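Working notes for the structure below.
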Amino acid sequence: MDRDHMAGNHVAIDCGGFFVFLAHLKQGSVAVTPGDPVETGDFLGAMGNSGNSSEPHLHAQRGLPEGEALAGEPVWLTINGQFPVRNDRLRPGR
């Protein structure tokens with residue numbers, strides 16, 4: 001647990017009006033750079049536990065405050081029309 005680097009290795013995707021923030025990725029695995037366009041299915045980074053978490057997870061939020069990237073206003077997120085809840089596992093193609 002690293003409270004000095006809360007988000008650890010991460011990728012923030014600007015979805016227009018909100019960000020999907022994939023946090024706590026494996027050290028050195030982020031495969032995109034700021035401004036890269038991404039599409040469904042693109043490899044963004046490997047699951048890990050960097051930063052202040054024991055497992056990778058995502059956040060959906062309005063805003064991406066500099067210096068406190070996880071401090072944006074939370075928003076509801078649906079994936080394939082479903083609201084994921086804590087500990088749900090997402091699998092490609094389902």
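Quick notes
- Along the chain, longest interval not containing exposed chymotrypsin sites (Phe, Trp or Tyr not before Pro), exposed being DSSP loop plus at most 12 other Cβ atoms within 10 Å: 1-42
- For the stretch 37-49, the Karplus equation 6.51 cos²θ - 1.76 cosθ + 1.60, evaluated at θ = phi - 60°, returns couplings of x, 10, 10, 3, x, 5, 7, 9, x, 8, 4, x, 8 Hz by residue, with Gly and Pro reported as x.
- Option label - log10 I(q)/I(0) by the Debye sum over Cα atoms at q = 0.21 Å⁻¹ computed here, alternatives (1) -1.24; (2) -0.96; (3) -1.11: (1)
- A simple rule links phi to the HN-Hα coupling: the Karplus curve 6.51 cos²θ - 1.76 cosθ + 1.60 with θ = phi - 60°, which for the stretch 69-82 gives 4, 8, 9, x, 6, x, 10, 5, 10, 10, 10, 6, x, 10 Hz, with x for Gly and Pro.
- Residues with amide H under 5 Å from that of residue 63, placed H, sequence gap 5 or more: 19
- With contacts taken as Cα pairs under 8 Å at a separation of at least 6 residues, the chain carries a relative contact order of 27 percent.
Quick note: the coordinates plus some simple rules give every number you see, no bench work behind them. Because the structure is predicted, anything quoted here is derived from the model rather than measured. Cβ coordinates were reconstructed from backbone atoms using ideal geometry, including for glycine residues, and neighbour counts include every protein chain displayed.
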